[in-house]
Amino acid sequence: MKIRIATRKSPLALWQANFVKQNLLLAHKNLTVELIPIVTQGDILLDSPLSKIGGKGLFVKQLEQAILNSEADIAVHSIKDIPAEFPEGLTLATICKRDDVRDAFISNKYSNLDELPNGAVIGTSSLRRQCQLRAKYPHLQIKDLRGNVGTRLAKLDNNEYDAIILASVGLKRLALEDRIKQYIETSLILPAVGQGAIGIETRTDDKQILNILSVLDDKNSRVCIQAERAMNKTLQGGCQVPIACYSQLNNDILSLQGLVGRIDGSKIIKAALTGDISEAEKLGQELAKRLLEQGAKAILQELNGG
């Protein structure tokens with residue numbers, strides 16, 4: 001049997017697609033796997049901040065279309081790029097074992113965030129990072145930064161920025177871990193929903209493919225990410241809003257932390273709760289409700305123009 005994987009063409013996306021390919025081939029002896037590289041809108045529209053042009057979904061839509069058109073059987077994504085809602089007929093079949101969730105500080109001049117002087121320019125296009133950075137380091141100048149990992153590092157090396165923030169997992173996967181000066185703990189910058197995990201999307205009714213993919217699903221990672229995505233979905237924050245969430249599992253007890261803030265960092269609402277592993281989705285929804293009650297509702301209305 002042959003499986004066709006829709007993937008973006010960026011080096012990191014190709015790494016992730018090849019990771020899935022290799023693991024599928026290890027698990028199933030009579031399988032052949034082909035990559036179908038696709039250039040997405042998110043890869044083309046590099047001049048504007050993502051939040052202004054449609055958000056992370058721009059990296060996903062064309063891959064999903066390839067599955068719906070039967071040009072591909074599955075699509076491999078970074079879970080943090082996948083919007084809360086799926087198109088009809090598609091599902092998140094597999095959540096691979098989660099890797100490092102932390103953000104990374106990269107600089108050629110400074111060894112950590114605390115060393116950055118007044119007015120230093122730091123690059124990130126993530127509203128989640130911008131909000132938390134502005135709250136903790138109001139003396140820094142934050143400038144948008146788009147492009148794949150190599151492009152962003154080149155801009156840093158070209159002295160356009162004093163430092164940049166990237167997901168540490170992407171640098172590790174591309175063998176660029178030596179560029180990381182500081183792993184930013186989750187207590188300092190809470191990660192994006194699903195950060196550090198690879199997801200596989202396919203048709204809801206394709207039982208054969210769902211069965212083949214099931215070997216790559218990691219139960220613990222799935223529970224944590226289900227909770228995080230349930231929080232995000234309940235908030236209906238969209239891409240114009242700084243939202244962060246991180247869940248951890250310890251002996252069947254799930255601990256969740258969530259955050260909603262203004263982009264300028266002037267107000268950040270935080271909430272946390274714990275509960276049983278079997279209640280993952282409910283816990284995510286409950287965390288969202290707590291955030292909304294504590295003031296996130298007003299922030300969301302403000303930012304979504306409602």
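Using θ = phi - 60° in the Karplus curve 6.51 cos²θ - 1.76 cosθ + 1.60, the 3J(HN,Hα) couplings for segment 76-85 round to 10, 10, 6, 4, 5, 8, 8, x, 4, 9 Hz; x is entered for Gly and Pro.
Above 18 Å lies some portion of the pair distances; for segment 218-306, what is it as a whole percent of all C-alpha pairs? Value for segment 218-306: 38 percent of Cα pairs lie more than 18 Å apart.
Our estimate of slack between THR274 and ASN250, defined as 0.36 nm per intervening residue step minus the Cα-Cα distance, is 7.6 nm. Taking a cut-off of 28 Å between Cα atoms, list the lysines near LYS136, but don't count ones fewer than 8 places away on the same chain. Result set, ordered by chain and number: LYS52, LYS56, LYS80, LYS109, LYS155, LYS172, LYS181, LYS233, LYS267, LYS270, LYS289, LYS297. Dividing the summed helix terms, -39500 (n - 2.57) for each DSSP H run of n ≥ 4, by the number of residues in the chain produces a 222 nm estimate of -9500 deg cm²/dmol to the nearest 500.
For Rg and Dmax of the Cα atoms in Å, computed directly from the structure shown, the correct entry in (i) 19.1, 59; (ii) 31.2, 98; (iii) 23.5, 78 is (i). At a Förster radius of 45 Å, what calculated FRET efficiency corresponds to the Cβ-Cβ distance of LYS282 and ALA154, to the nearest 0.05? FRET efficiency, LYS282 to ALA154: 0.50. The stretch between LYS207 and ASN23, if pulled fully straight at 0.36 nm per residue, gains 64.3 nm over its current Cα-Cα span. Contact order, relative form, for segment 103-184: 50 percent (alpha carbon pairs under 8 Å, 6 or more residues apart, mean separation divided by residue count).
If r is the Cβ-Cβ distance from LEU68 to SER111 and R0 is 35 Å, what FRET efficiency results, to the nearest 0.05? For R0 = 35 Å, the calculated efficiency reads 0.15. Between ALA84 and LYS172, the simple spin-label model (points 7 angstrom out along Cα→Cβ) gives 2.9 nm. Annotation: amide H-H contacts under 5 Å for ALA6 (H modelled 1.01 Å from N, sequence separation of 5 or more, or interchain): ILE36, ASP73, ILE74, ALA75, VAL76. The trypsin sites (Lys or Arg not before Pro) of segment 97-200 include none that meets both criteria, a DSSP state outside H, G, I, E and B (loop) and at most 12 other C-beta atoms within 10 angstrom of the site's C-beta.
We did not get these values from a lab; they are worked out from the coordinates using the rules stated. All values reported here derive from a predicted model rather than from experimental measurement. Don't worry about glycine lacking a Cβ; one is built from the backbone with ideal geometry, like all the others, and counts go over all protein chains shown.
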